[in-house]
Amino acid sequence: MRPNRIDSTHATRVVIIGAGPAGLLLGQLLTSAGIDNIVLEQRTAEHVSARIRAGILESDTVDALQRAGVGARMAKEGLVHHGIELSFNGDRHRIDFQALIGRDVTVYGQTEVTKDLMGARRSAGAVTVYEAEDVELHDFDGSRARVSYRKQGVRHEVHCDFIAGCDGFHGVSRASVPATSKKIFERTYPFSWLGILSDTPPVAGELIYARHERGFALCSMRSTARSRYYVQVPATEKIERWSDSRFWDELRYRLDAPTAEAVVTGPSIEKSIAPLRSFVCEPLRFGRLFLAGDAAHIVPPTGAKGLNLAVSDVLYLAEGLIAHYEHGDAQGLDQYSERCLRRVWKAERFSWWMTSLLHSFPDSDDFSHRIQEAELDYLTHSDSARRALAENYVGLPR
Ligand code: APR
Ligand code: PHB
């Protein structure tokens, strides 16, 4: 078969590339508004629904998922948290979101959000093409765009009005934009997070973010019976070097004594290493192509912002597309990039700040170390400092 031959031609209004939370939520919002769309995903449905990712939802994210009609299981199984704790210098310090700003976050895994969105898409009968290979974007700077892909040896082409690039950091959408048309802002960190999932009860009722001279640690959870823990490791670390017992020892070492003692250990059911990165691509719109979620920006996971930012992009994009189709109003689409970026940069700032506050930097000097300590002391003694953390963590208004 000649590589460029098209075997099958289709048409839709919006082609969504990527079936992560960004692509699936956009699909759900457009389908509910009667706007025809197709999702093209390179992996299998099983792979997409099994990926372990973060698990903290801002209150606006919870509201958005409810309004999108995919909140029923989250309402039953999600754990509402009124605060977080910071552990350093041998003590735990609570940041009480409820008392400081009267809002909460919800613990509900991204894996579960994805499954709920996949279920809703299936029920609506909307088209998702899994295992779509060699996805290519065409003519998004022209009057009508096209996306081509291959499935089981057959080459398809979809004509569309718009393309939503929701294909994550390594996707094809951002890569299809010429380097001269986009500006990249990036910061890498000299460490990664080693995470494990285990069917053990969480060490505490709320998340504990721990700073220790050997490095950061995080005690998180997926439910009252399933824990998620992380420790900071060098960016060059290899997962094979981490047995479960080494992980548990290192985690406990970095926690204050009462917390370390309370940790219930058990076999890991998943173990992975993820690098930390801050990244923004500007703008988010290139003619008929819109980037959303990880395709456009990455935050280090310390502020738990990745999924929440993806949802907020998608809300702006869905609003813009619906106004365009229902009223011929282009304003939402024209302002998409600018509106998203204002929020993105504040989340980038907060995630960078939380990361700088709580991690050990290998090249850090005594001055930086004292600044970190002063910042933590300030947080411990100032309601204003805690309120600033709380309002960013729970999510700034859209
Ligand atoms: N063609 C089709 N699909 C692709 C391609 C491609 N060339 N490249 C990537 N994809 C798919 C991936 O397989 C994945 O399913 O795009 C999807 C992108 O999903 P995510 O990486 O989950 O990104 P996003 O939907 O933006 O979700 C935001 O929040 O907590 C963070 O990083 C975390 O995934 C999370 C994100
Ligand atoms: C998680 O539970 O995976 C998690 C929680 C909070 C974070 C990052 C990850 O800041």
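The values are calculated or read from the model by the stated rules, or taken from the named source; none is laboratory data. Source: prediction; values computed, not measured. Heads up, the Cβs are rebuilt from the backbone with ideal geometry, glycines too, and the neighbour counts pull from every protein chain shown. When the accessible area is computed, the model is the full protein with side chains, heavy atoms only, and any ligands, DNA or RNA have been set aside. Shrake-Rupley method; radii C 1.70, N 1.55, O 1.52, S 1.80 Å.
Within the range 153-207, can you find the residues that are within 12 Å of ligand 1 (Cβ to nearest atom) and without any contact (Cβ under 8 Å) to a residue 12 or more places away in the chain? Within the range 153-207, 170, 175 meet the criteria. For the range 76-84, the count of residues that are within 16 Å of ligand 1 (Cβ to nearest atom) and open to solvent by 20 Å² or more (accessible area, probe 1.4 Å) is zero.
In this structure, does residue 342 turn out to be within 20 Å of the chain's Cα centre (by Cα), more than 24 Å from residue 92 (Cβ to Cβ) and not in a helix (DSSP H, G or I)?
no
Checking each residue in the range 145-161 for being surrounded by 16 or more Cβ atoms within 10 Å (Cβ to Cβ) and of a type in the set (Gly, Ala, Ser) picks out 145, 148. Within the option set 206, 240, 261, being open to solvent by 10 Å² or more (accessible area, probe 1.4 Å), touching a strand residue (DSSP E or B) at 6+ places or on another chain (Cβ under 9 Å) and of a type outside the set (Val, Ile, Thr) holds for one residue only, 206. Can you tell me which residues in the range 47-59 are within 15 Å of ligand 1 (Cβ to nearest atom), open to solvent by 20 Å² or more (accessible area, probe 1.4 Å) and part of a helix (DSSP H, G or I)? Scanning the range 47-59 gives 47, 49, 50. When residue 106 is tested against (1) closer than 23 Å to residue 255 by Cα; (2) open to solvent by less than 20 Å² (accessible area, probe 1.4 Å), exactly one condition is not met: (1). Test residue 360 against the criterion of being in contact (Cβ under 8 Å) with a residue 24 or more places away in the chain, open to solvent by less than 40 Å² (accessible area, probe 1.4 Å) and outside any helix (DSSP H, G or I), and give yes or no. Yes: the conditions hold for residue 360.
Of the residues making up the range 1-44, those that are assigned to a loop (DSSP other than H, G, I, E, B) and within 16 Å of ligand 1 (Cβ to nearest atom) are 12, 18, 19, 20, 41, 42, 43, 44.
If I ask for residues that are assigned to a strand (DSSP E or B) and of a type in the set (Lys, Arg), which ones from the range 225-278 would you list?
228, 271, 277
Only a single item in (1) open to solvent by 50 Å² or more (accessible area, probe 1.4 Å); (2) touching a residue at least 60 places away in the same chain (Cβ under 8 Å); (3) small (Gly, Ala, Ser) is not met by residue 310, and it is number (1). Among all positions in the range 124-140, there is at least one residue which is of a type in the set (A, V, I, L, M, F, W, C) and open to solvent by 40 Å² or more (accessible area, probe 1.4 Å).
Each residue in the range 185-203 was checked for being more than 20 Å from the chain's Cα centre (by Cα) and open to solvent by 40 Å² or more (accessible area, probe 1.4 Å), and 3 pass. Listed conditions (1) modelled with pLDDT of 95 or more; (2) out of contact with any strand residue (DSSP E or B) (no Cβ under 9 Å at 6 or more places or on another chain); (3) not hydroxyl-bearing (Ser, Thr, Tyr) are all met by residue 37, apart from (2). When each of 268, 272 is tested for being of a type in the set (Ser, Thr, Tyr) and within 16 Å of ligand 1 (Cβ to nearest atom), the lone residue that passes is 272.
For (1) among the small types (Gly, Ala, Ser); (2) within 16 Å of ligand 1 (Cβ to nearest atom); (3) within 19 Å of residue 63 (Cβ to Cβ); (4) at pLDDT below 95, each residue gets a yes or a no:
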{"site": "300", "(1), (2), (3), (4)": "no, yes, no, no"}
{"site": "310", "(1), (2), (3), (4)": "yes, yes, yes, no"}
{"site": "329", "(1), (2), (3), (4)": "no, no, no, no"}
{"site": "333", "(1), (2), (3), (4)": "no, no, no, no"}
{"site": "339", "(1), (2), (3), (4)": "no, no, yes, no"}
{"site": "366", "(1), (2), (3), (4)": "no, no, no, yes"}
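Can you list the strands (runs of 3 or more DSSP E) lying wholly within the range 68-141 that have 2 or more residues being of a type in the set (Asp, Glu)?
On the way: elements: 79-81, 83-88, 91-96, 105-107, 127-129, 133-138.
By residue number, 91-96, 133-138.
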